Structure formats: structure tokens, C-alpha cells
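Heads up, the thing below is written out as C-alpha cells.
Taken together, the values in this text are just the output of simple stated rules run on the coordinates, not laboratory data. Because the structure is predicted, anything quoted here is derived from the model rather than measured. No Cβ is skipped: glycine too gets one built from the backbone with ideal geometry, and neighbour counts run over all protein chains shown.
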Amino acid sequence: MIQTIGPDLALIQQPRSPGLGDYDWFDIEQAGTQVGKSRCRIETTQFTVFSIMIYPEFEGQGIARAVIDHLKRNHAFIIADRVRFTARAFWLKVDFQPETIDRYVWRRG
């Protein structure tokens, strides 16, 4: 399934596979070029992000923020789980609140 985020940015959901840990994987594409990946789990009442990685040559362009903004428009409760120390500032910047040292949450207000 393809979700359009902006004029040239898209999330492409890959089929869930037990061989890939039974996660929901998304390719992040910009103008037809893969610029990153995200590992998530979509459940009835929440959306959990385990990782969002933008390839180094595409960092700093606001792509990860655009992906999170898109998820916030489509989900009422999002968890960022297993947040690394180096990513804490990002999750705070996109309005997530720490629940534990490595788990940040966002709820539609």
C-alpha cells in the first residue's frame, strides 16, 4: 500500500512477514528514490514506531519529521519504542513525551 505524504514523498508498506520479525515495514521514497525505512507495528488502538532511518545522504531535509507528521494525522496514539539516546531530541522536537527512558508517546490532544 502506498501512502502519499507530500508532492514527492511516499510511504510504501511492505507485506508483513514472519521472516522479518512480524513487523510492518515501510520504505520511504522521495521522487521515486528510496531515502529510508521504518519498522513499525500497526495495531487497532496504537501505532508503534521501532525505528525510522533516513539514509545519511538524505538526512537534514525534514523527511523523518514529514513521516511522523503524516502518522500523527492518521493515528490518535503513537509510541516511539526503544528510542536511542541519540534520537531523544528528535522525538521531543516532534511533540512526543517520554514515558520511560526509551519509550516516547504522542496522543492526539
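Worth a mention:
- Note on region 2-107: the alpha carbon radius of gyration divided by the globular reference 2.2 N^0.38 Å gives 1.02.
- Order of D95, D22 - criterion: other Cβ atoms within 10 Å of each residue's Cβ, fewest first: D22, D95
- When the charge dipole of the chain is built from unit charges on Cβ atoms (+1 for Lys and Arg, -1 for Asp and Glu) and taken about the Cα centre, the candidate among T100, Y55, F85 whose Cα reaches farthest toward its positive end is T100.
- Per DSSP, loop trypsin sites (Lys or Arg not before Pro) in region 62-109 with at most 15 further Cβ within 10 Å: R82, R84, R108
- Highest average first, the peptides 34-42, 8-16 ordered by how many other beta carbon atoms sit within 10 Å of their residues are 34-42, 8-16.
- Placing unit charges on the Cβ atoms only, positive for Lys and Arg and negative for Asp and Glu, gives the chain a dipole magnitude near 340 debye about its Cα centre.
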